[in-house]
Every structure is written in structure tokens, then in C-alpha cells.
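A quick write-up on the structure given underneath.
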Amino acid sequence: MIRAKNPFVFKTRLNLLEITGEKAKNLKDLMGLTESVPLSVVYFHTQHLLPFQQHLSPKSPNDFAYWIKKELHEEVLSEKIIALDLQRPLNAHDFKEKMIQLMKSHLASAEYREFNVSPSKEFNFIKAKAFIVPTGHKVYNLFEFYGALKEVSIDSIYLHLFGAETFSEKHENDFFYWLKNELKEKVLADSISRLDPFVFYATEGLRAQLIKLVNKRLRAIKKSEGAS
Amino acid sequence: MSINEYAPIIGKGPVEELKILAEKLSGKIIKIINSTQMGGGVAEILNRMVPLLNELGVLTKWEVISGNADFFVITKKIHNALHGTPVTITDDEIDLFLQNNKINAETMDLSGDIVFIHDPQPLALVEKKKEIGNKWTWRCHIDTHAPDWKLWGFLRKYVEMYDAAVFSSPSFAQTLSINKFLITPSIDPLSLKNQELSKKTIDSVLKKFDIKKNKPIITQISRFDRLKDPIGVIEAYNLVKHSVDCQLILAGGTAIDDPESIEVLSEVRERVVGDPDIHVLELETPADIEVNALQRASTIILQKSIREGFGLTVSEAMWKGKPVIASAVGGITLQITHDYNGLLTRTVEGTAYAIKELLCNKGYAKRLGKNAKEFAKQNLLITRHIRDYLLLFLSLYHPEEIVHL
């Protein structure tokens, strides 16, 4: 079994939610504020439902789309924003830009009718202040990697699989990068990078899927080592 | 109770994360101050949380401000006014409020790296901040989305002396010049109030209160407070009782900082005279096993609040897998997604209809309860709350948007 020169250090992302005080009562407000708020606000509103409401039945992980449909009754725009997920991986900046473009087009379209919601239904912009924390798990080979996957929190798995989209311009997830470059496990790395956060609504399902893929590869390695 | 005992519920990883965060606060002293050690949701959470923070290595001390009956009458008025109830507070009362805070500020030990003040009663202690020079945060448990504006204008001067404020819902947070964080309250799954109970224990509690299991039980557990609308609960029950036979339990205690509760309890008792199926139970604080057993024995749990910062009894019922019918007010709307993990109502009539709907559709009620339990597990437990507080404390030393620890 290959031993990596550089270990994989499992970290986790923990969010402290900050109330920005910015509120939208209609689509124009929503678009204007989405343009001006920091990326960490967009991150929160397009990602948090996955870990936060992981047990809920499938629905948009995008707060903007959810609010546009539920409170503004703009189903067409909501659908288009939800569908941006099909274009992932997108970094937060690109995601924000595409969403604003969709809102702008809709505001300019003939079907748009201005509608203000009551104060209790306004869209509250929340910022996720991120704390990146080492979990204490440092692994050098696939077997250790497998063990750590069982123990770290789901937030840690989520950070390494999908967090890169929001923190940098790179589109490769951390697991893919390490497995491919340090352990030369390109096939496994490819399979893992194809995991879709929006398929596994119960994120423990995501962990189970990851463990299954790594376990399958471990069994194959063991078999080939036994044969030689 | 040890922090490791939560691992079977939330997993080993999240418990390890709490330990790592706590380590980053090593050497810091947290001083928590509120107005009561017993009774009410704030005291209940702190009673569970403080020992766990200390076990994690975050040295946490909890103190309570002192005050006479007049002071607590005023702070109850302030509480109601922040909730938006019309109340007259005179200048003399404001003077007494400030005077009491001043006396406490002189007599209490306010040292520590972070002073964490809960609710408005001890709010003005912050005047000492300049002298001491430590970090101060204010935790508001009240639904302040539509407060008495004159009062809020007065209190705001004090709130803005803090380094940060914490609210249970974004809609509660008024415009402030300081950072505002969103942290929802929690329940402890291992406390006497929430741990699993045997059938024998549940039955013995029912026997103690002379409650029979021969008809469905509708329960509201709350302090006897007008904002919890116990009279509205009785009216809703009366509407249902015509078509579906059931019984009602109204159970609650009183708290030192809530002098109004005795009066409300007496009004409730007057309203139920002549109906043996309504059980009004005045519980001694703490009555954790009793509350636990009554919730577990119930068919439906109600929380018909008129205002609510966050419904802890809603969280408790959800954790026990019970179908909950609650008012669509305050933080409850963050706990219940209508028709998914409970039902939200706005009127006596709507509440009555929802009760009947659940009594007549057992499968639907069961599904709501199942979803409620899962939601509570993910979002409403004390371990998530401790994590948020640890992050809050760390944020006072790390202003950057992404903090690498």
C-alpha cells in the first residue's frame, strides 16, 4: 500500500452565523443586496441547507430560490436559480454572478410584477463566519484514510469534498487532489469527485457512499497484494 | 454527565470538535450573568451548559443578579414591552432598574475575560466595562421584532456598549452598531427532562396527578404567563371537545423573576371549573421527570404562545417524537416547518382544527412526530449550542471573516 509523502490532514469548517441586518422585501432589493453583500453571505444562503437540514425531503439548497418561489411566487426564476446547481462545481463568485444575471433578466422581462412581502416574510441576509479547525486526524495511506472517514464529523467531509468551491478558484476537491497526487489513486479520486452533494440529501448517506468507494478499492488492493 | 456521553447521539466527530474548540479558549475565563438560577428556559439551559463548558476546559462561572420584588416587577414589564405588549414604564421605574444594576455592578465580581449577560435584567451592568476592560456579549432570548420603541431606544444605548449581541432569530435583531450573531437555544437530550423514561415511570406520574389514559391527551407545558395564552388553549380544547373526546393538561411552574404567574394561574383555574377532563398542574420547580413523563404520555403537544423567543417546550416535544401544534410566532417558525415536522397555527379556531386533524389522522400525526425528532437531533441539541457559544467567544478575538485555528 502506497504511503503518502504528505499526509492528509482532516480539517473541519464550523460556521458562526452573523445577522447582517440587510433585508429584502422584493426582487429588486434581493438583487441589489446580493450584489453588495460579501461572498460569505452568498455561501451561507446557497449551501447551508445541506448540512443544516439534511433530513428534510429533497428541496432546493438555495435560500434565494426558495424565498423567490415561496414568498414572491416567481416560480420560473426560482427554477432557473435552482438549476444553477447543475453547473457545479462553481466557485462562490461565479455562482453569485450567474444568479444576479438571472435576477436582472427576470426584472427586465414582461412577466415580472413588483410585489412587496410583509415585514415578517422579508429575506434576511445571514453571513457565515467560518472557522477552519484541524480535527486531529492525519493519515498517510488509504487504510488510515478509510478509518478517519468513519470518525470525522460530516462537516469535515463536506468541507473537503465541496468546500474548495467557495474558498478558491480551484475546482478540485481536497480528497481528489490528495488521492490522485499522493496515493496515485486516480480512478478512486475520479469516483469521489463525481459525488454530488445534491443527490445525498441525508449527508450521512454521503459518508456511507464515500466509505463504500474506499472500501471497495481497499479490497481490490488486498486481493492484488495477496495474488502477488 | 460527561461530554463523551453525547457521542452515541451526535457522533464521535462532533464531540471531538467541541474539545478542539474548547482547547483554543484555554486560559480564558467566562462569566455568565442572568437573573434567576431556577425556573424558565434560560436558567434551564445554563444549568446544563455551565458544567459541560467547565468539563471541556473552558473555565465558566455563573452568577445571578439580586433584586427585590419591585425590581422584578419592572423587569417583567420590560420583558413584556420588548415582546411588544403595551406597558407603561415610569421614569421612577427606569431609575429603580438602573439603580439596581448599579448596586449589582458594585457588589458582583465582574472579572473574567468574557462577560456573557443574558436578557435585559442585568443589561446595564455593562457600564462597568470601561473600568474593567474585558469583552462583553449580550444574549437576548426575547422576540424583539416589534418592541416598545421608546423603551428599546433607551436600552439600545446599553446594548451598543457590548462587543456583540446574540439573537435567536434574524427578525429579532434591531439595527445595532455592534456585531449580531444568530444562535438558537437548545435542549439537553440527557437531562432528566428529556432522557428516555420507562413505562412504569410515566404511569406513576400520571397516577400521581390522577390522569387516566382512557382518552387522548392534549398538553401544553409552560409557565403560567399571558404570553403563553393558556386561556386560548382552553378555548381551543373546548371547540374540539364537542366532536372528539379528549383531555387537556396545562402544566407549569413559576419563576422568581416572574411575579405575574400566580395571577395567571388563578385565572386559569377559574376557567376550568366543572370540567374533570382539564388538569391544571402547578409543578414545583424543578419537575423534570414529571414534565418528561407528561410529554411522553401526550398524544399532541401544544405551544399556543402569543410571543415566543424560542419554544424550548416545542424542542422537548419534538425530541420525544411528538406531533406539535404551535403558534407561528417568534423563534417557533425556525423550529417548525408547517406540515413537515409539526403544524403552525395563528388562532384559537386554527389550533382547534389542527388538534382535531391530528386526533383523527394517527398516521399523519406519527409522521410529523418522526420528522420532528430528526430535526431536533440535527439542530436543537445542547452540543450544537455549546459549539456556537465556543465560536462566539472565539470570534471576539478573531475579527476576520475566515478564521484558521
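Each value in this text was obtained by applying a stated rule to the coordinates, not by laboratory testing. Source: prediction; values computed, not measured. For neighbour counting, all protein chains shown are included, and Cβ atoms are generated from backbone atoms with ideal geometry for every residue, glycine included.
To the nearest ten degrees, helix B:41-55 and the longest principal axis of the Cα atoms of chain B are 60 degrees apart.
Need one value for A:145-157: mean number of C-beta atoms belonging to other chains within 10 Å of its residues' C-beta atoms. Average per residue, whole number: 3. For the stretch B:299-382, the C-alpha radius of gyration divided by 2.2 N^0.38 Å, with N the number of residues, is 0.96. The trypsin sites (Lys or Arg not before Pro) found in the stretch A:61-138 that occupy coil by DSSP, while having at most 16 further C-beta atoms within 10 Å, are A:Arg113. Using the rule -39500 (n - 2.57) for each DSSP H run of four or more residues, divided by the residues of chain B, the 222 nm mean residue ellipticity is -13500 deg cm²/dmol. Cross-link partners of B:Lys129 among lysines, defined as those whose alpha carbon lies under 28 angstrom from its own and excluding same-chain residues fewer than eight positions apart: A:Lys127, A:Lys129, B:Lys24, B:Lys28, B:Lys31, B:Lys61, B:Lys76, B:Lys77, B:Lys102, B:Lys150, B:Lys157, B:Lys180. Annotation: lysines with alpha-carbon distance below 20 angstrom to A:Lys70 (same-chain offsets under eight excluded): A:Lys23, A:Lys25, A:Lys28, A:Lys59, A:Lys80, A:Lys104, A:Lys121. Within the straight-line cut-off of under 27 Å between alpha carbons, the lysines reachable from B:Lys208 are B:Lys193, B:Lys199, B:Lys200, B:Lys228, B:Lys241, B:Lys304, B:Lys320, B:Lys322, sequence neighbours fewer than 8 places apart in one chain being disregarded. Here's the picture: charge each Lys and Arg Cβ at +1 and each Asp and Glu Cβ at -1 in the protein assembly as shown, and of B:His279, A:Leu179, B:Phe116 the one pushed furthest to the positive end of that dipole is A:Leu179.
Amide H contacts for B:Arg223 (H built 1.01 Å from N in the peptide plane; partners 5 or more residues away or on another chain; cut-off under 5 Å): B:Gly253.
Within chain B, which is the longest segment containing none of the trypsin sites (Lys or Arg not before Pro) that sit in a DSSP loop and have at most 16 other Cβ atoms within 10 Å? In short, B:1-211.
Residue-normalised convex hull volume from the C-alpha trace of chain B: 138 Å³ per residue. Tell me whether the stretch B:199-379 comes out rounded, prolate or oblate; compute the Cα gyration tensor, take square roots of the eigenvalues as a ≥ b ≥ c, and use a/c under 1.5 as the rounded threshold. Because its axes are fairly even, with a/c under 1.5, the stretch B:199-379 counts as rounded. Taken about its Cα centre, the protein assembly as shown carries a charge dipole of roughly 2500 debye when the Cβ of each Lys and Arg holds +1 and the Cβ of each Asp and Glu holds -1.
Note: chain A, Cα convex hull, 121 Å³ per residue. Find me the longest stretch of chain B that has none of the exposed GluC sites (Glu not before Pro), where exposed means in a DSSP loop (not H, G, I, E or B) with at most 16 other Cβ atoms within 10 Å. Formally, the longest exposed-site-free interval is B:1-159.
Across all directions, the average flat footprint of the convex hull enclosing the Cα atoms of the protein assembly as shown is 31.1 nm².
If contacts are Cα pairs under 8 angstrom and at least 6 residues apart, what is the relative contact order of chain B in percent?
Relative contact order, chain B: 16 percent.
Counts of other chain beta carbons within 10 angstrom of each beta carbon in peptide B:177-183 average 4.
Note on A:121-130: average number of Cβ atoms from other chains within 10 Å of each residue's Cβ is 4.
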